[in-house]
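The values are calculated or read from the model by the stated rules, or taken from the named source; none is laboratory data. Remember, it's a predicted structure, so these values are computed and weren't measured experimentally. Cβ placement follows ideal geometry from the backbone for every residue including glycine, while neighbour counts extend to all protein chains displayed.
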Amino acid sequence: MFYLPALILIVTFIGYPFIRGIAYSVTDWDGFSQTFSFVGLDQYARMLTDQRVVTVLLNTLIYAIGSTILQNVLGLGYALLLDQKLRGSKLVRTIVYLPIIVSNLIMGYIWYFMVRFNGGALNEFLGAIGQGPVNPLADRNLAVLVIVLANTFQYVGVAMILYLSGLQAIPRSLMEAAEIDGASPWRRFWNVTLPLLAPSVTISAVVNVIGGLNIFAVIVALTNGGPGYASASLGTITYQLYFGEQNAGYAAALGILTFTLAAVLGLTTLYFLRRREVELS
Amino acid sequence: MTIRRGMLYAGLVIVAIAHLVPFYLLIVLATRTPGSTSSIWAIPSTINWPNFSGAWEGANLGSGLVNTFIITACSIVGASVIGLLAAYPLARRLTRGNGAVYTSIIACMMVPNLTILVPLYRFMVDIHGVNERWAVILLHITFNLPTIVFLYAGALRSIPRELDDAAAIDGAGRLRTLFSVLFPLLAPATAAVFVIVGISIWNDFNFSLFFLHASDVKTVTVSMSSFFSQYNSYVERAAAGCLISSLPMVVLFLALQKFFINGLSTGAVKG
């Protein structure tokens, strides 16, 4: 029964609110009134015709999937590079790792200082090489891209560490055998290294997808969802609907949507990648 | 072969520079004189200390750091003890019921905290937890439990059961066995828990933003965000504030680097 305290906390602060969230999602509650009425699935039906929800859903998928892919490709590249036992590898590992220690809100501000229109580092650089200034945060598509990049920059170290420990677990003998069989470095990578890294890929992808769906602070710091709601995510819009627009019923329904998305996306990633794993036995 | 090595070293240098540039720019911005016309890429000749004092006072960083420290310390200790207690029977007695409990706890890792924002806020209002540090501490403990149970359960499984039996024969109760015999052997897992959970709580923005609005309970991230939205034209001060608020964790990281990276990779591999 030692697990009782843990179970009580989880039921109280995750389970119970979750059920209550489902209950709120079928009402028109404004977030503070004592009374509200049952509206059935109206809040969910409303999402289908709400252009804002469509945009935000798409953005959230881009944040989750885009940064997952970027982080894993880059992270694998970094890991392969650092696995070459070069002098200075340890230092570079520390440098790539550093952003993880920083709050993602602060990381958002750091990127804001770089890409802001007036006096941002990017525009000063462009000016120095004779290019005109750009204002990525005012552009619907570029704002989304900057958020993906900021998030990738911050967490690529997680994927890197995962792949590094995956690489170190591959027995030397396997690599040597492939080399003796005349496999080129490219083939060795595709046919030996990558399949054996599959478990690391699975973990990293699932963690990144779930994390990507919860992306919030970096958006608040960089664009606050703007211009308009062009770079908002499900998280920022839920916050906005609840605290800004007193639309708690709708916000609760969006929460349930986000949860469903996390479950579906997380489990799909898990399912597809697990099938590709090979056991080292 | 030398060309290959040369290219690899070039790659290493490029990666290092690409990842240092944002921090370099932050430091330049935080130290230069407001309104200066020199390039943000150039190293400032002097450090403009008023940026730092302005940020410290304007964002109320002193109080923010104290609050963040209290919340982080209490949450880590509470979560580790409760998590270890839960992991012990779940890793040792593999009954069907325990299996179900374990799976349910781990499944909670899949719940992004923003999805239950509305009901959680309402619940906090009901239990008078808004603007209370204890409320946010309880939330941090709860939302970190899945990871902790997972890490400790994994580590416990690698410790031979004979140790428990030996302790039992010597007359130790289960709690005593856990804390005096097994806990010392779990040091690597404890380090991983402290690092992973510590970073996530210290840097938390969501819970602090939702539940801690009053100025005397604000954490450092929320202080920074209010400061930034109020004075976002004073970029130098904002940058100085960013630097100050990140410094404690960065210093800790650089000092205990081996600890951090080992901890995080244990967590990552098992996570």
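Go through B:Leu26, B:Leu61 for me and flag whichever is at pLDDT 90 or above, closer than 17 Å to B:Val235 by Cα and more than 10 Å from every other protein chain (Cβ to nearest Cβ).
Numbers: B:Leu26 fails: more than 10 Å from every other protein chain (Cβ to nearest Cβ).
Only one candidate qualifies: B:Leu61.
I'd like the residue in segment B:147-176 that is within 10 Å of chain A (Cβ to nearest Cβ) and surrounded by fewer than 22 Cβ atoms within 10 Å (Cβ to Cβ) and, out of all such residues, is farthest from the chain's Cα centre (by Cα).
Applying the first criterion (within 10 Å of chain A (Cβ to nearest Cβ)) to segment B:147-176 yields B:148-149, B:174-175.
Retained after the next criterion (residues that are surrounded by fewer than 22 Cβ atoms within 10 Å (Cβ to Cβ)): B:174-175.
Working: B:Arg174: 31, B:Leu175: 28 Å.
Taking the candidates together, the pick is B:Arg174.
Restricting to segment B:30-49, what's the tally of residues that are over 25 Å from the mean Cα position of the chain (by Cα) and under 13 Å from B:Ile244 (Cα atoms)?
Residues of segment B:30-49 over 25 Å from the mean Cα position of the chain (by Cα): B:31-49.
Checking the rest, the ones that are also under 13 Å from B:Ile244 (Cα atoms) come to B:31, B:49.
Residues meeting the conditions: 2.
Which of the numbered conditions does A:Gln154 fail, given that it passes all the others? Conditions: (1) more than 12 Å from every other protein chain (Cβ to nearest Cβ); (2) under 21 Å from A:Asn214 (Cα atoms); (3) polar (S, T, N, Q).
(1) is the only condition that A:Gln154 fails.
Looking at A:Ile8, A:Ile62, which is the one that is within 12 Å of chain B (Cβ to nearest Cβ) and closer than 30 Å to B:Phe150 by Cβ?
Numbers: A:Ile62 fails: within 12 Å of chain B (Cβ to nearest Cβ).
On inspection, the qualifying residue turns out to be A:Ile8.
Quick check, is A:Leu126 aliphatic (A, V, I, L, M) and either in contact with a helix residue (DSSP H, G or I) (Cβ under 9 Å, 6 or more places away or on another chain) or not in a helix (DSSP H, G or I) (or both)? Before the answer, list the steps.
Values: aliphatic (A, V, I, L, M): yes; either in contact with a helix residue (DSSP H, G or I) (Cβ under 9 Å, 6 or more places away or on another chain) or not in a helix (DSSP H, G or I) (or both): no.
Judged against the criteria, A:Leu126 is not a match.
Residue check, B:Asp164 against (1) free of Cβ contacts under 8 Å to residues at least 60 places away in the same chain; (2) part of a helix (DSSP H, G or I); (3) over 30 Å from A:Thr238 (Cα atoms), all met but one. Which one?
(1)
Which one of A:Val158, A:Val148, A:Val144, A:Val134 is modelled with pLDDT of 85 or more and in a loop (DSSP other than H, G, I, E, B)? Please lay out each step first, then the result.
Numbers: A:Val158 fails: in a loop (DSSP other than H, G, I, E, B); A:Val148 fails: in a loop (DSSP other than H, G, I, E, B); A:Val144 fails: in a loop (DSSP other than H, G, I, E, B).
None of the others qualify; the one that does is A:Val134.
How do the helices (runs of 4 or more DSSP H) wholly within segment A:162-268 filter down when requiring 3 or more residues that are surrounded by 17 or more Cβ atoms within 10 Å (Cβ to Cβ): which remain? Break it down stepwise before answering.
Details: elements: A:172-180, A:185-188, A:194-213, A:217-222, A:234-239.
Fully inside segment A:162-268 and qualifying: A:194-213, A:217-222, A:234-239.
Please specify each residue of segment B:205-232 satisfying the condition of being closer than 16 Å to B:Ala30 by Cα, more than 9 Å from chain A (Cβ to nearest Cβ) and surrounded by fewer than 21 Cβ atoms within 10 Å (Cβ to Cβ). Before the answer, list the steps.
Residues of segment B:205-232 closer than 16 Å to B:Ala30 by Cα: B:224, B:227-228, B:231-232.
Narrowing the set further to residues that are more than 9 Å from chain A (Cβ to nearest Cβ) leaves B:227, B:231.
Across segment B:205-232, the qualifying residue is only B:Tyr231.
Using beta carbons and a limit of 8 Å, which pairs, at least six apart or on different chains, have the first residue in segment B:212-227 and under 15 Å from A:Leu105 (Cα atoms) and free of Cβ contacts under 8 Å to residues at least 60 places away in the same chain and the second one aromatic (Phe, Trp, Tyr) and part of a loop (DSSP other than H, G, I, E, B)?
Pairs found: B:Ser225/B:Phe205.
Got at least one residue in segment B:220-233 being farther than 30 Å from A:Thr238 by Cα and assigned by TED's automatic domain parsing to the domain that holds B:Val118?
As a first pass, look at segment B:220-233 and keep what is farther than 30 Å from A:Thr238 by Cα: none.
No - not one qualifying residue is present in segment B:220-233.
Mind listing whichever residues of segment A:164-183 are away from every other protein chain (no Cβ under 14 Å) and not β-branched (Val, Ile, Thr)?
In the first step, residues of segment A:164-183 are kept if they are away from every other protein chain (no Cβ under 14 Å); the result is A:171-183.
Across segment A:164-183, the qualifying residues are A:Pro171, A:Arg172, A:Ser173, A:Leu174, A:Met175, A:Glu176, A:Ala177, A:Ala178, A:Glu179, A:Asp181, A:Gly182, A:Ala183.
Given the structure, is A:Val73 of a type in the set (A, V, I, L, M) and either without any contact (Cβ under 8 Å) to a residue 12 or more places away in the chain or facing another protein chain (nearest Cβ under 7 Å) (or both)?
yes
Here are some conditions: (1) under 26 Å from the mean Cα position of the chain (by Cα); (2) crowded, with 22+ Cβ neighbours inside 10 Å. B:Ile27 meets all but one. Which one does it not meet?
Result: B:Ile27 fails condition (2) only.
Taking the residues in segment A:1-52 that are of a type in the set (S, T, N, Q) and in a loop (DSSP other than H, G, I, E, B) as candidates, determine which candidate is surrounded by the fewest Cβ atoms within 10 Å (Cβ to Cβ).
Keep residues of segment A:1-52 that are of a type in the set (S, T, N, Q), which gives A:12, A:25, A:27, A:33-35, A:37, A:43, A:49, A:51.
Next cut, in a loop (DSSP other than H, G, I, E, B) only: A:25, A:33-35, A:37.
Numbers: A:Ser25: 25, A:Ser33: 10, A:Gln34: 5, A:Thr35: 7, A:Ser37: 8.
Only one residue fits best here, namely A:Gln34.
Can you find even one residue in segment A:34-57 that is among the aromatic types (Phe, Trp, Tyr), within 14 Å of chain B (Cβ to nearest Cβ) and more than 30 Å from B:Phe23 (Cα to Cα)? Step through it out loud before you land on a result.
First, pick out the residues of segment A:34-57 that are among the aromatic types (Phe, Trp, Tyr): A:36, A:38, A:44.
With the extra rule that they be within 14 Å of chain B (Cβ to nearest Cβ), the set shrinks to A:36.
Filter once more, keeping what is more than 30 Å from B:Phe23 (Cα to Cα): A:36.
Yes.
If B:Ile71 passes every condition in (1) in contact with an Asp or Glu (Cβ under 9 Å, 6 or more places away or on another chain); (2) free of Cβ contacts under 8 Å to residues at least 12 places away in the same chain; (3) in the same structural domain as B:Arg176 (by TED's automatic domain parsing) but one, which one does it miss?
Of everything listed in (1) in contact with an Asp or Glu (Cβ under 9 Å, 6 or more places away or on another chain); (2) free of Cβ contacts under 8 Å to residues at least 12 places away in the same chain; (3) in the same structural domain as B:Arg176 (by TED's automatic domain parsing), B:Ile71 misses just condition (2).
Which residue out of B:Ser180, B:Ser223 is of a type in the set (Ser, Thr, Tyr) and at pLDDT below 90? Spell out how you get there, then give the answer.
Details: B:Ser223 fails: at pLDDT below 90.
Exactly one residue qualifies, and that residue is B:Ser180.
Considering only residues of segment B:105-128 that are more than 8 Å from chain A (Cβ to nearest Cβ), surrounded by fewer than 20 Cβ atoms within 10 Å (Cβ to Cβ) and over 20 Å from the mean Cα position of the chain (by Cα), which is farthest from A:Tyr239 (Cα to Cα)? Quick ask: steps written out before the conclusion?
Here is the first cut: in segment B:105-128, the ones more than 8 Å from chain A (Cβ to nearest Cβ) are B:106-107, B:124-128.
From the residues that got through so far, the ones that are surrounded by fewer than 20 Cβ atoms within 10 Å (Cβ to Cβ) too are B:106-107, B:125-128.
Going one step further and asking which of them are over 20 Å from the mean Cα position of the chain (by Cα), we end up with B:107, B:125-128.
Values: B:Ala107: 24, B:Val125: 16, B:Asp126: 19, B:Ile127: 21, B:His128: 20 Å.
Result: B:Ala107.
Given (1) in a loop (DSSP other than H, G, I, E, B); (2) surrounded by 15 or more Cβ atoms within 10 Å (Cβ to Cβ); (3) not basic (Lys, Arg), where does B:Leu94 come up short, assuming only one miss?
That leaves (2) as the condition not met.
Which residue is modelled with the lowest pLDDT, if the candidates are limited to segment A:71-107 and must be assigned to a loop (DSSP other than H, G, I, E, B) and within 21 Å of B:Phe23 (Cβ to Cβ)? Give the steps one after another, and end with the answer.
Initially, segment A:71-107 is screened for residues assigned to a loop (DSSP other than H, G, I, E, B), giving A:83-88, A:102-103.
Now drop any that are not within 21 Å of B:Phe23 (Cβ to Cβ), which leaves A:88, A:102-103.
Working: A:Gly88: 87, A:Val102: 92, A:Ser103: 93.
Ranking the candidates gives A:Gly88 first.
Pairs needed: first member in segment B:254-265, farther than 12 Å from B:Ile199 by Cα and hydroxyl-bearing (Ser, Thr, Tyr); second member anywhere, at pLDDT 75 or above and surrounded by fewer than 20 Cβ atoms within 10 Å (Cβ to Cβ); C-beta distance under 8 Å; at least 6 residues apart or different chains.
B:Ser265/A:Ser165
Where residues in segment A:108-123 are of a type in the set (Gly, Ala, Ser) and assigned to a helix (DSSP H, G or I), which of them is farthest from the chain's Cα centre (by Cα)? Talk me through it step by step, then tell me what you get.
Residues of segment A:108-123 of a type in the set (Gly, Ala, Ser): A:108, A:119-121.
Now narrow it down to the ones that are assigned to a helix (DSSP H, G or I): A:108, A:121.
Values: A:Gly108: 14, A:Ala121: 25 Å.
Among them, the one singled out is A:Ala121.
Within segment B:76-90, identify whether any single residue is away from chain A (no Cβ under 13 Å) and part of a helix (DSSP H, G or I), and answer yes or no.
Going residue by residue through segment B:76-90, those that are away from chain A (no Cβ under 13 Å) are B:76-77.
After this cut, where a residue has to be part of a helix (DSSP H, G or I) as well, the list is B:76-77.
Scanning segment B:76-90, I find at least one residue that is away from chain A (no Cβ under 13 Å) and part of a helix (DSSP H, G or I), so the answer is yes.
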